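Undergrad: Provided herewith is a single structure, encoded as structure tokens, for subsequent inquiry.
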Amino acid sequence: MKTNRRKFIQGLAGASAGLLVPISCTTKEEDKIVDAPYISKKSKPIKATHDVIVVGAGLSGLHSAMLLEESGYDVQVIEGRQRLGGRVYTLNDVPGKPEAAGEYIGASYARMINTVDKLGLDLYNPDASGGPNRPWLYNIQGNYITADNWEAHKLNPLEGEERSLLPHRFLSTISHKDNPLQDKPLDDWLKPEYHKYDIPHDQYLRSKGVNEETIKLMNVVIHAGGMHKTSAMNELRRYHVNSHANGKLAFGDGKEWKMIKGGNSLLPKAMADSLKNDVHLAKTVVGFKEEDGIVQVSCADGSEYKGKHVICSIPISVLRNVTFEPHITGITKEAIDQMDYGLSVQVHFLIKEPYWEQDGMDANMWTDGPLERFAVRTKRAKGDPYAGLAFINGPESLKFRLMTDDQVFNYVEQKLAEMRPSTKGKLERLMVQSCERDIHGAGDWVYWQPGQVKKFGNEMRRSHGNIHFAGEHTAIMQRGMEGAFESGERAALDIILNA
Ligand SMILES: Cc1cc2nc3c(=O)[nH]c(=O)nc-3n(C[C@H](O)[C@H](O)[C@H](O)COP(=O)(O)OP(=O)(O)OC[C@H]3O[C@@H](n4cnc5c(N)ncnc54)[C@H](O)[C@@H]3O)c2cc1C
């Protein structure tokens, strides 16, 4: 193992473009690896097959593998799914090749942008009329309301100048108003002085004078289990990081957003291709056992890997199904058992005929009903067919966990036809996509429930012997894809600086 720490740290400073990551190196003196020869209780010493086994080929795992390799470590990445990328997943079989998950790259995503550049990929500004900036036709309490009519409409619960705020902007704008984190460093959310905001978000908003009808409309786009289930600090941090990421993300026209030409999935592919060892796919990890300073990683197919260290980037709630020997106990165990992910489900259709030409209304609907949003995707090229998707998140998406794909399609088609009869017979089923519809996914993003920032905020990065945890849920400064990069960097540093 050739460790060139100086080269690594220098590279890191360039990659992070001056962003300082607080490092939580929790490896204790007694946890450090014992160099060969290993004295085992068994007659045969256990031998590591690699310096580091990285579990999970999402952005966090792949980034940590690249950094470790640059520092001379022998790394093997293993991944449970049959594909790379985790929550970065371009749907190449759906017209327009939409992103199923990690979509927009913020201007402050220094590590990610540096990696895109280094691997010869290109970024572009997506059409700002797509995504959340598209014009919506609102359907509220069964009433169709256009954006032009909203300000004066009787169902608008806001007052004064705020009445011009469109319903799909309520959550981001009202949550971010008077944000106590505004202009503060990105890791401030963990400081005890902010624990007073680690309360239900609806309670926080009421204390600010926000009325119940407004809170109900904010709940439509909440990613967590509901306005009462998410900590105000989770939401304040979310919009603080977003506004930092793009300056305009929470309020603006989205022009700062970037995506990868050809699809974001090209990035994890290029990252994996850059590694010396091929990523092993379809290796679902079921258990970790550490003995004599070697971590044995057991997979569902009966195969085993042995590493002096492991970086585990499995989403935290998926770890409930994975065994650890010695057991994980205490606060870390509580975090594994209690942390939860926001859910969403996307139901993709081909649009055989433009239903909006039949009824003369706008194509995209934003509703406070069970379907929440139905959007027609911007065509990438002339001649492309129209594709549309229902996007349901937060509490309304829970019921889809209990449905088969056919039942999901039936439900969505029925609700759409009730709300918008012109859609009847004009949709062809393509696919149901959700980041938690298979055993490797927990949901979209981790979210902090009331009280959890205080309880678990500083616990998520604690190593378990030679097992180091990565993944966006362990990030301090950033969220989303850049949070994944940040966490992979911190986990790699845990090994490089302490081994
Ligand atoms: C709908 C949606 C929209 C999003 N939009 C954005 C956006 O616009 N901008 C942004 O920055 N972020 C966005 N995100 C978030 C972003 O995609 C994630 O934060 C990021 O990709 C997470 O990377 P990760 O490496 O931490 O986790 P993952 O990508 O989940 O990687 C974990 C890996 O571990 C694997 N795994 C799980 N269990 C096992 C096991 N037992 N054995 C082996 N392997 C296992 C998984 O298959 C996966 O590949 C979005 C997410 C969703 C769902």
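Read-outs: derived from the displayed coordinates by stated rules, not from any lab. All values reported here derive from a predicted model rather than from experimental measurement. Neighbour counts are summed over all protein chains in view; Cβ atoms, including those assigned to glycine, are modelled from backbone coordinates with ideal geometry.
Undergrad: In percent, what relative contact order does the chain have, based on Cα pairs under 8 Å that are 6 or more apart in sequence?
TA: Over the chain, the number comes to 26 percent.
Undergrad: Stretched out fully, how many nm does the piece from Lys191 to Thr404 gain, at 0.36 nm a residue minus the Cα gap?
TA: Full-extension gain reported as 72.3 nm.
Undergrad: Assign unit charges at the C-beta atoms only (+1 for Lys and Arg, -1 for Asp and Glu), then state the dipole size of region 168-246 relative to its Cα centre in Debye, rounded to the nearest 20.
TA: The calculation lands at about 120 debye.
Undergrad: Excluding His468 itself, calculate the net charge of residues whose Cβ lies under 9 Å from the Cβ of His468, where each Lys or Arg counts +1 and each Asp or Glu counts -1.
TA: That sum, taken over residues with Cβ under 9 Å, equals +1.
Undergrad: At 222 nm, what value in deg cm²/dmol follows for the chain if DSSP H runs of at least 4 each add -39500 (n - 2.57) and the sum is divided by all its residues, to the nearest 500?
TA: Result for the chain, helices only: -8000 deg cm²/dmol.
Undergrad: Please work out, to two decimal places, the log10 of the ratio I(q)/I(0) at q = 0.13, 0.17, 0.27 Å⁻¹ from a Debye calculation in which every Cα of region 168-246 carries one identical scatterer.
TA: Each listed q maps to, in turn, -0.35, -0.60, -1.45.
Undergrad: For a distance above 42 Å, tell me the whole-number percent of Cα pairs in the chain that qualify.
TA: Here the long-distance tail beyond 42 Å is 19 percent of all Cα pairs in the chain.
Undergrad: Search the structure for amide H atoms under 5 Å from the amide H of Tyr144, placed 1.01 Å from N in the peptide plane, and list their residues when 5 or more places away or on another chain.
TA: Those qualifying (amide H under 5 Å, at least 5 residues apart or on another chain) number zero.
Undergrad: Using the number of other C-beta atoms within 10 angstrom as an exposure proxy, rank Leu186, Leu119 with the fewest first.
TA: Fewest-to-most ranking of Leu186, Leu119: Leu119, Leu186.
Undergrad: Go through region 228-237 residue by residue and turn each phi into a ³J(HN,Hα) via Karplus (6.51, -1.76, 1.60, θ = phi - 60°); whole Hz please, and just put x for glycine and proline.
TA: Rounded to whole hertz, the list is 7, 9, 9, 5, 4, 5, 4, 6, 4, 5.
Undergrad: List the trypsin sites (Lys or Arg not before Pro) in region 165-244 that DSSP assigns to loop (not H, G, I, E or B) and whose Cβ has at most 14 other Cβ atoms within 10 Å. Which are they?
TA: Those satisfying the criteria are Lys177, Lys208.
Undergrad: With point charges of +1 on the Cβ of Lys and Arg and -1 on the Cβ of Asp and Glu, referenced to the Cα centre of the chain, which listed residue (Asn321, Asn139, Val295) lies farthest in the positive direction of the dipole?
TA: After comparing all options, I get Val295.
Undergrad: To continue, here is another question. Give the angle, between 0 and 90 degrees and rounded to the nearest 10, that separates the Cα long axis of helix 59-70 from the longest principal axis of the Cα atoms of the chain.
TA: 30 degrees
Undergrad: Check each of the trypsin sites (Lys or Arg not before Pro) in region 462-499 and keep only those in coil by DSSP with at most 13 other C-beta atoms within 10 angstrom; list them in order.
TA: Passing sites in region 462-499 do not exist.
Undergrad: Give me, ordered by chain and number, the residues 5 or more places off Glu290 or on other chains with an amide H under 5 Å from its own placed amide H.
TA: Amide H neighbours of Glu290, under 5 Å, 5+ apart: Gln296, Glu325.
Undergrad: Out of all DSSP beta bridges with both ends in the chain, state the antiparallel percent to the nearest 5.
TA: About 70 percent, rounded to the nearest 5.
Undergrad: Just check region 336-422 against the gyration tensor rule for me: Cα atoms, a ≥ b ≥ c as the square roots of the eigenvalues, rounded for a/c under 1.5, and otherwise prolate or oblate depending on whether a/b exceeds b/c.
TA: prolate
Undergrad: For a quick check: with amide H placed at 1.01 Å from N, whose amide H comes under 5 Å from Cys312's, ignoring anything fewer than 5 positions away on the same chain?
TA: Result for Cys312 returns Val55, His468, Phe469, Ala470.
Undergrad: Residue farthest toward the positive end of the dipole of the chain, with Cβ of Lys/Arg at +1 and Asp/Glu at -1: which of Ile113, Ile222, Ala101?
TA: Of the listed residues, the answer is Ile113.
Undergrad: How big is the charge dipole of region 284-360 about its Cα centre, in debye rounded to the nearest 20, if each Lys and Arg gets +1 on its Cβ and each Asp and Glu gets -1 on its Cβ?
TA: Computed about the Cα centre, the dipole is about 240 debye.
Undergrad: Okay, moving on. Please work out how much length the chain gains when fully extended from Ser207 to Ala152, using 0.36 nm per residue of separation minus the C-alpha to C-alpha distance, in nm with one decimal.
TA: Extending this stretch completely gives an extra 17.2 nm.
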